[in-house]
Every structure is written in C-alpha cells, then in structure tokens.
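Encoded as structure tokens, the structure appears first; notes follow it.
The values are calculated or read from the model by the stated rules, or taken from the named source; none is laboratory data. Everything quoted here is computed from the prediction, not taken from an experiment. Cβ atoms come from the backbone with ideal geometry, glycine included; neighbour counts cover every protein chain shown. Accessible surface areas use protein heavy atoms only, side chains included; no ligands, DNA or RNA. Shrake-Rupley method; radii C 1.70, N 1.55, O 1.52, S 1.80 Å.
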Amino acid sequence: MGNRALNKPADQTTVLVTGGAGFIGSHTVVELLDRGYDVVVVDDLSNSSQEALERVRALTGTQADGQRGRLTFYKESILDAQALEQVFERHPVDVIIHFAGFKAVGESVQKPLEYYWNNVAGTLALCDVARRHGCKNLVFSSSATVYGEPEFVPITESCPKHTPTNPYGQTKSMLEQILTDLYVGDDEWNVVLLRYFNPIGAHVSGTIGEDPEGIPNNLLPYVAQVAVGKLERVGVFGDDYPTPDGTGVRDYIHVVDLARGHVAALDWMAGRVGTGEALGLGSLAGQPAVDGTRRGVGIFNLGTGKGSSVLDVIHAFERACGHEIPYQVMPRRAGDVAENYAACEKARDELGWVAEYDLDRMCEDSWRWQSQNPNGYRG
Ligand code: UFG
C-alpha cells in the first residue's frame with residue numbers, strides 16, 4: 001500500500017489531530033495553522049470544548065467549517081472506525097498527531113476498563129483505518145510517566161522504562177510498545193513518541209488554556225483556581241522528599257513550547273531536520289529520509305531540562321498574579337516520585353527544538369488565561 005511522503009510544503013500537507021480540542025491539542029493546532037498546514041481535528045469532546053476550536057479560529061484567522069478554512073472539525077470518537085473511515089475518505093491525511101485519550105491518573109485506577117478501552121483500543125482503531133488509507137506517519141502523545149521511578153535524572157530517552165503505577169500510565173507505555181511493533185512488522189511506518197514532562201501555561205492571548213472539569217488533579221490548574229479565588233488553598237503533597245525544599249520536583253514546560261515540539265517532529269519525520277541517528281530502532285537507523293519521509297521510531301523527551309519544586313511553582317504564580325497564594329502541607333500523594341526532569345539534548349540535536357519559556361512566563365500566561373476565563377470555556 002505504501003506510505004504517504006511528507007516532503008512537500010506545509011500548505012499541501014494534511015495533519016489529522018485527534019484530541020485537537022483539548023489543552024495540548026488546541027495549542028498545537030494553532031502552531032500548525034500558523035505554519036500553513038491543513039488541519040483536520042477529530043475529538044469527541046468528552047473532556048474538551050468546541051469553543052476552544054472557535055477561539056483557535058479567531059486567533060489564527062481561520063474560516064469556519066465548510067468555507068475555505070484550513071481547519072475542519074469532526075465530533076467523533078477514535079473508537080468509531082466507520083466515522084474515521086469517512087474522515088480519511090474526505091481528507092488526504094498525510095500524518096496524524098494523536099492526542100486523544102483519557103488522562104486522569106486517579107480516575108484510571110477506578111475505571112481501568114474505560115482507560116484501556118478508550119486509549120488502547122481507540123489507538124488500534126485509528127492505526128488500522130490510517131494504514132488502509134496509506135497513512136503510516138504518526139506522532140504519539142506519550143508521557144514521562146513511562147520512566148516510572150526514574151533510575152537517574154536528568155532522564156535521557158535511554159533511561160529504562162519502569163512499570164507505571166496506574167492504568168493511565170500503563171496505556172502510555174503499552175501504546176509506545178504497540179506503535180513500535182507496528183514498525184517492526186512493517187518498516188514503512190514512521191512513528192515519533194513524544195514523552196511530555198509537565199505541560200502548563202497557556203497561549204499568550206489568554207484565550208485558550210487548560211480547562212479541567214471539577215476539582216483539578218494537577219498542580220498548576222489547582223494553584224490557578226486558588227489564585228482566582230475559586231479554591232481556598234493549595235495542598236502541598238509532601239515536604240519531606242529528598243529535594244532542596246522537600247517538595248516534589250518536576251520539569252514544567254510551556255504548552256506553546258510543547259506544541260512547537262510537535263511541529264518540529266513533523267519536520268523531522270519529513271527529513272527536513274536532523275540526521276536520523278536518533279531513530280531508536282531498525283536497520284534504517286541513521287539513514288537519510290526515504291522518499292522524503294523517515295521510517296522507524298523516534299523517541300524524544302519534551303521538557304526544559306530544569307526542575308522546579310511545588311513551592312517554586314506557588315511562588316512563581318504569586319509573582320504572576322500579584323498576591324499571596326495560601327497553601328498547606330499535606331501527606332505525600334500515592335504514586336508520586338520525588339524528582340523528575342528531562343535531558344533535552346536529543347530533541348535539540350535531532351528536532352532542532354528547545355523550550356524557550358521559563359517558569360515565570362508559564363505562570364504569567366496561565367494567570368492571564370485563568371483570570372480572563374475563571375470558568376474556562378463554560379463562560
Ligand atoms: N502536587 C501538589 N498538590 C496538588 C497537585 C500536585 O503538591 O494539588 C504536586 C505533586 O505531588 C507533584 C507536583 O505537584 O510533586 C506535580 O503534580 P501534577 O499532578 O501536576 O503532575 P504529575 O507530575 O504528578 O503528573 C504529570 C502528568 C501525568 C503524568 C505524570 C508523570 O499530569 O499525566 O506527570 O509524568 F503521568
């Protein structure tokens with residue numbers, strides 16, 4: 001069947017973005033549209049809002065569906081193979097950026113079937129339809145969670161993977177294996193696994209950002225809701241870790257930097273940047289792109305390389321919002337690691353990508369989004 005070549009200008013390249021209405025997805029769609037790509041979003045809106053895409057259109061000057069817009073939206077689940085068939089029949093999809101998936105660590109422990117079904121079976125359905133339509137180019141949203149308790153920091157891509165402590169993490173790790181096996185079985189596949197560290201921040205306009213439903217699980221949206229007065233105080237989960245101030249250390253990365261990492265991955269897959277030496281697998285490792293399209297499995301951390309503690313984040317947010325943020329130390333949260341931050345050299349050398357924004361800028365942008373949209377997209 002072959003695979004679609006990617007060595008053509010962005011405005012002749014169609015990118016299918018699953019989960020494109022979500023937090024990372026919507027920011028990535030902005031970057032893709034700014035670069036001139038044709039974007040098709042498939043999102044079932046189970047944890048996202050169509051309003052995010054309306055705002056993306058406004059930000060990028062993209063027209064509504066059905067006009068001459070370069071952004072088309074389908075409210076469909078990736079589990080619906082028939083709906084996916086129609087999308088691939090209508091659009092000559094060259095490459096997929098696959099964000100769609102459930103992502104709440106705690107919820108995944110309560111609902112393992114839903115998580116394995118949606119994340120794993122959904123990806124299988126997507127890949128099956130894609131290959132039948134000659135598209136074997138895929139960027140996958142993976143996570144630093146695949147390293148489990150990391151053997152060393154900064155974490156390089158060759159740091160051994162460890163069994164994640166929850167079904168959400170398991171789905172990421174399994175999907176990395178499944179996508180790698182696709183290439184082992186059929187070397188036309190061109191797969192990039194992007195292992196995200198902790199994405200925060202928002203578009204500088206303050207019009208799109210993270211919009212969790214209910215009480216946030218993650219630190220930043222929680223801090224932001226305390227800052228805006230919706231929640232009383234931040235619970236700091238443990239201050240007795242072996243870290244400089246005793247609180248957990250993470251590698252927070254601005255979501256716009258992360259989004260640009262995906263655009264860089266497309267350039268890399270098309271053979272426009274890098275040498276291919278970073279290909280993780282196979283006899284094609286290190287060879288130049290074939291027909292303008294690499295083949296293999298590229299694995300990259302997307303982080304800043306800098307660790308920040310929970311208290312660093314709270315203080316940076318205080319600077320951004322201009323007032324104190326109350327917090328209280330609580331017991332450790334089960335499953336948390338003390339410290340994790342990325343080694344970023346591989347992404348720099350192969351993708352030509354480095355994160356630009358620091359923690360203060362992440363908090364400023366996050367505050368702009370939160371203060372302008374205290375109830376997120378719900379108005
Ligand atoms: N934390 C608090 N209070 C909170 C929330 C978090 O103190 O209310 C602390 C945590 O203990 C941790 C840090 O803030 O030290 C960051 O916690 P997050 O929940 O924001 O992020 P995690 O690092 O736990 O999780 C992130 C992603 C997951 C991914 C995981 C592992 O959200 O998807 O990284 O890479 F699985």
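Structure above, values below:
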item	result
Set of the stretch 119-139 residues, backbone N closer than 19 Å to the point 7 Å along the Cα-Cβ line of ALA81	119-137
Å² per residue, accessible surface of the stretch 171-308 at 1.4 Å	35 Å²
Exposure ranking of MET1, MET330 by accessible area [1.4 Å probe, largest first]	MET1, MET330
Accessible surface of HIS323 - all protein chains present, 1.4 Å probe, nearest 10 Å²	80 Å²
Overall form of the stretch 222-268 per C-alpha gyration tensor (a/c, 1.5; a/b vs b/c)	oblate
Whole-number percent relative contact order across the stretch 68-134, with pairs defined as alpha carbons under 8 Å at least 6 apart	48 percent
Cα-based convex hull, the stretch 1-62, per residue volume (Å³, whole number)	86 Å³
Most mobile listed residue (VAL297, VAL234, VAL256) in the chain, GNM with C-alpha springs under 10 Å	VAL234
Computed [θ] at 222 nm, helices only, for the chain once each DSSP H run of length n ≥ 4 contributes -39500 (n - 2.57)	-10000 deg cm²/dmol
Rounded to 5, the percent of DSSP beta bridges in the chain classed as antiparallel	10 percent
Positive-end residue of CYS363, LEU84, SER309, charge dipole of the chain with Cβ unit charges	LEU84
Percent carbon-and-sulfur accessible area, the chain, ignoring ligands, DNA and RNA, probe 1.4 Å	48 percent
Largest-first principal axis extents, alpha carbons of the stretch 76-158, Å	46, 31, 14
Pair MET330, ALA121: separation of 7 Å Cα→Cβ label points (nm)	3.3 nm
At 1.306 mPa s and 10 °C, Stokes diffusion of the chain via Kirkwood alpha-carbon radius, µm² per second	76 µm²/s
Accessible area in the full protein assembly, largest first, 1.4 Å probe, for ARG131, ARG55	ARG131, ARG55
Solvent exposure of the stretch 1-122 as accessible area per residue, Å², 1.4 Å probe	44 Å²
The stretch 292-317-the stretch 221-268 distance, computed between alpha-carbon centres (Å)	11 Å
By accessible area with a 1.4 Å probe, ligands and nucleic acids excluded, highest first: order of THR72, THR247	THR72, THR247
